[in-house]
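Peer 1: Below: one structure in C-alpha cells.
Values in this text are rule-based calculations from the coordinates and carry no lab data. As the structure is a computational prediction, the values presented were derived from the model and not from experiment. Note that each Cβ is placed from the backbone with ideal geometry, even for glycine, and that neighbours are counted across all protein chains shown.
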Amino acid sequence: MSKVTAHNGDVFKGVLEALTATVGNYDLKITFTSNSSSNTINFVLSDGEVLYLFRNADDDAHQLAWEDNQANLFTVKTQGGLSH
C-alpha cells in the first residue's frame, strides 16, 4: 500500500513497483517471473472502491475464483468452483 500511496493512489503503478522490488537480497521480479510453481502468488487488494484480483500462475493448480454474492459482497478463493 505504501507503493500505491507513493504513486498518488495509482493502484496499478504501485502494485507493479511492489511486485518488481528488491527486498533485502530477495528480488521479487525474478521470483515471480520464473517458471517455478513454488513462485506463485495470488492476492486480493481493495482501495475501498475497487476490488483488484491478481494471479501470476498459468496452471490449473493455482486458480483464482470470485463470485458476486449480492450488492457489494464478493467471495474470493484460490480454487475453482465459483462463477468467475
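Peer 1: Between beta-carbons, use under 13 Å as the cut-off and find the net charge around E17, counting Lys and Arg +1, Asp and Glu -1. Numbers along the way, then the final one.
Peer 2: On the way: positive: K3, K13, K29; negative: D10.
My count for the surroundings of E17 gives +2.
Peer 1: Along Cα→Cβ, 7 Å out, is where each label goes; now give me the distance between the ones at L45 and N69 in nm to one decimal.
Peer 2: If labels sit at L45 and N69, their model points lie 2.5 nm apart.
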